[in-house]
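Report on the following structure.
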Amino acid sequence: MNYNYIEKLKRFKDSRGDLLPLNFSNLPFTPKRIFMVTQVPKNVKRGDHAHYTTKQLLVCLKGVIEVELFDGVRSFESTLEEGDSLYVPEMVWDSQVFKTGEDILMVLASTDYDPSDYITDMGKFKGIVSG
């Protein structure tokens, strides 16, 4: 499992506020969709699925979000804080626990929304990745 796109976004601060740019040319995929996850109660788990083809970049815009990735063999855990980003390849089970109750997660996805791209049953996912 190679999660080589964990990056702290460069923050530019001045008296007018902060700027956190994200250059799409630096991503390991071309984004087709963006969405935000907000208003998640403290310590609630979201995600808990995998995608057949969709690649994603998770970006913590506010708060603290614990992310667990599972490729069918190994698990990887990371805590995202404000300005942290994490690449999630296709066929990787991922879940996020929103730790503060005021967290904001922005997700860039490589595909348009398609319900048939989701694997929501862990047993089915394990069967697929084990061959």
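The values are calculated or read from the model by the stated rules, or taken from the named source; none is laboratory data. Everything quoted here is computed from the prediction, not taken from an experiment. Reconstructed Cβ throughout: ideal geometry from the backbone, glycine too, with neighbour counts over all protein chains shown. These accessible areas exclude ligands, DNA and RNA; they are computed on the full protein's heavy atoms, side chains included. Shrake-Rupley method; radii C 1.70, N 1.55, O 1.52, S 1.80 Å.
Out of (1) 1.02; (2) 1.06; (3) 0.92, which label holds the value of Cα Rg over 2.2 N^0.38 Å that was computed here?
Correct label is (2).
Give me the percent of accessible area attributable to carbon and sulfur for the chain, probe 1.4 angstrom. Display every interim value, and only then the final one.
Numbers: 3650 of 7470 Å².
Answer for the chain is 49 percent, counting heavy atoms of protein chains only.
Given the DSSP H assignment, sum -39500 (n - 2.57) over each helix run of at least 4 residues in the chain and divide by its residue total; what's the result at 222 nm in deg cm²/dmol, nearest 500? Write out the running numbers ahead of the final one.
Values: 1 runs with 8 residues, N = 131.
Only helices count here, giving -1500 deg cm²/dmol.
I need the calculated FRET efficiency for the pair residue 33 and residue 121, taking r as the beta carbon distance and R₀ as 25 Å, to the nearest 0.05.
It comes to 0.60.
Taking amide H positions as placed 1.01 Å from N in the peptide plane, with prolines and chain starts having none, which residues 5 or more places from residue 47, or on another chain, fall under 5 Å of its amide H?
Distant-sequence amide H within range of residue 47: 96.
Ranked from the most accessible area to the least, with a 1.4 Å probe and all protein chains present, what is the order of 13, 45, 99?
13, 45, 99
Apply the Karplus curve 6.51 cos²θ - 1.76 cosθ + 1.60, θ = phi - 60°, to the phi angles in the stretch 52-67 and return the couplings in whole Hz, x for Gly and Pro.
5, 10, 6, 9, 9, 10, 8, 10, 7, 8, 7, x, 9, 10, 8, 10
Quick check: residue separation of residue 46 and residue 12 times 0.36 nm, minus the Cα distance between them. What number comes out in nm?
9.2 nm
Using θ = phi - 60° and the Karplus curve 6.51 cos²θ - 1.76 cosθ + 1.60, what whole-Hz ³J(HN,Hα) does each residue of the stretch 37-43 get, with Gly and Pro shown as x?
Using θ = phi - 60°, the values come out as 10, 9, 6, 8, x, 3, 6 Hz.
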